[in-house]
1. For the range 158-182, which positions are over 19 Å from ILE138 (Cβ atoms) and not in a helix (DSSP H, G or I)?
2. Quick one: what pairs do we get from the range 235-259, first residue closer than 27 Å to ILE119 by Cα, second in a loop (DSSP other than H, G, I, E, B) and of a type in the set (A, V, I, L, M), C-beta under 8 Å, 6+ apart or different chains?
3. Inside the range 291-308, can you point out the residues that are open to solvent by less than 60 Å² (accessible area, probe 1.4 Å) and either aliphatic (A, V, I, L, M) or closer than 28 Å to MET230 by Cα (or both)?
4. I need the full set of residues from the range 111-133 which are touching a residue at least 12 places away in the same chain (Cβ under 8 Å), open to solvent by 50 Å² or more (accessible area, probe 1.4 Å) and not in a strand (DSSP E or B), in order please.
5. Anything in the range 69-104 that is closer than 22 Å to CYS233 by Cα and either of a type in the set (Phe, Trp, Tyr) or touching a strand residue (DSSP E or B) at 6+ places or on another chain (Cβ under 8 Å) (or both)? List them, or say none.
6. THR279: free of Cβ contacts under 8 Å to residues at least 60 places away in the same chain, assigned to a loop (DSSP other than H, G, I, E, B), among the β-branched types (Val, Ile, Thr) and under 30 Å from GLN301 (Cα atoms), yes or no?
7. Out of the range 260-290, which residues are surrounded by fewer than 14 Cβ atoms within 10 Å (Cβ to Cβ), over 22 Å from the mean Cα position of the chain (by Cα) and of a type outside the set (A, V, I, L, M, F, W, C)?
Amino acid sequence: LDEWAEWCAPRIADMAFNFYCNSPRRIKYYDNMPSPGISVTPSAQARLRQGNGIHRLSQCENLYLLRTFYWDYKTLTGKSFDPKIQSEFTLMFDPGYLAAIKETAEYGAGLFKDDPAFIGYYLDNELPFVDVSTTYPIPITLKGFLELATDPSDAKYFRCNENARKWALDWMQAAYGTQTYSSSMEKAFLSAVAEYYFKTAAEAVRSADPNHLVLGSRIHADAKETREVMEACAGYCDVVSFNFYAYWDISQFPAFQSYASWLGDKPCLVSEFYTKDSTLKSPDGTLYKNGEGAGWIVDSQRDRGIFYQNN
């Protein structure tokens, strides 16, 4: 990895890249990443930051605040959780949530808060604020928050925890003066839960590190076209980040025309986009399938470069 960094750093600086993001699956694995992908050693990190000696590279990283609590939920609480039938956002109302994200943010800040070449933190990645499939993962809905399990110890029947249901009922009472559900409440409820997420996550980061930017949560799919989600992010984050697929360029993205009114003066950052080359082969000459993940499949590395440059 050190040799790779020595080779790579000056080249990406020469090509006018100005920052990179390493982001292991969990920030606590940053120094020793056992998760899939390339493990970048501390000396390789330092070499990457040097760039070509004239143009240095900055850095940002993903804390995975809600996701870390989700991944550790059963260990921390002893309770079952199944994202195929329950929205992970309901976990935010568990009594241990705020302390857990505070601990995660403090660990991440310990790595970067005094670094003048560090840019800031993504909060999470591609959370299911709105429906992204028919069954999984589960988006934010008031109806879903009100559905309690018949047996909360059994993940098969686990819909919502009592704390999240109580929060939803209190919100209904405060906003509408009733605890009787109506589908007309759904958009306002989405806005309320998204605001709670961004407010508590941004506060945890700023408490741990007031020196760097809060970069949003890499909003994706239909959520980046949903006013309630984008406004909530802009309300509490310094930058609104979103992952961008399915369009040739930003001018063809219908919601982008609304961002000026939705986001006010907050800047946007396209945090992820790519295409895949259908002609790419492994060293033994076998064609890569290139079916995994998002992004169009194109016919050459040159076409990938054109797409990248266009965006």
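The values are calculated or read from the model by the stated rules, or taken from the named source; none is laboratory data. Every value quoted in this text rests on a predicted model; they were computed, and no experiment measured them. In this analysis, Cβ positions are derived from the backbone assuming ideal geometry, glycine residues included, and neighbour counts consider all displayed protein chains. Ligands, DNA and RNA are excluded from the accessible area calculation, which covers all protein heavy atoms including side chains. Shrake-Rupley method; radii C 1.70, N 1.55, O 1.52, S 1.80 Å.
1. Selection gives GLY177, THR178, GLN179, THR180, SER182.
2. These pairs meet every condition: CYS237/LEU123; CYS237/LEU215; ASP238/LEU215; VAL239/LEU215; SER241/LEU215; ASN243/ALA294; TYR245/ALA294.
3. From the range 291-308, those open to solvent by less than 60 Å² (accessible area, probe 1.4 Å) are 293-295, 298, 300, 303, 305, 307; that's our starting set.
Matches in the range 291-308: GLY293, ALA294, GLY295, VAL298, PHE307.
4. Those that are touching a residue at least 12 places away in the same chain (Cβ under 8 Å), open to solvent by 50 Å² or more (accessible area, probe 1.4 Å) and not in a strand (DSSP E or B): LEU111, LYS113, ASP114, GLU126, ASP131, VAL132.
5. The answer is PHE69, TYR70, PHE89, PHE93, TYR97.
6. Values: free of Cβ contacts under 8 Å to residues at least 60 places away in the same chain: yes; assigned to a loop (DSSP other than H, G, I, E, B): yes; among the β-branched types (Val, Ile, Thr): yes; under 30 Å from GLN301 (Cα atoms): yes.
Yes: the conditions hold for THR279.
7. Once the filter is applied, which keeps residues that are surrounded by fewer than 14 Cβ atoms within 10 Å (Cβ to Cβ), over 22 Å from the mean Cα position of the chain (by Cα) and of a type outside the set (A, V, I, L, M, F, W, C), the range 260-290 yields SER261, THR279, LYS281, SER282, PRO283, ASP284, GLY285, THR286, TYR288, LYS289.
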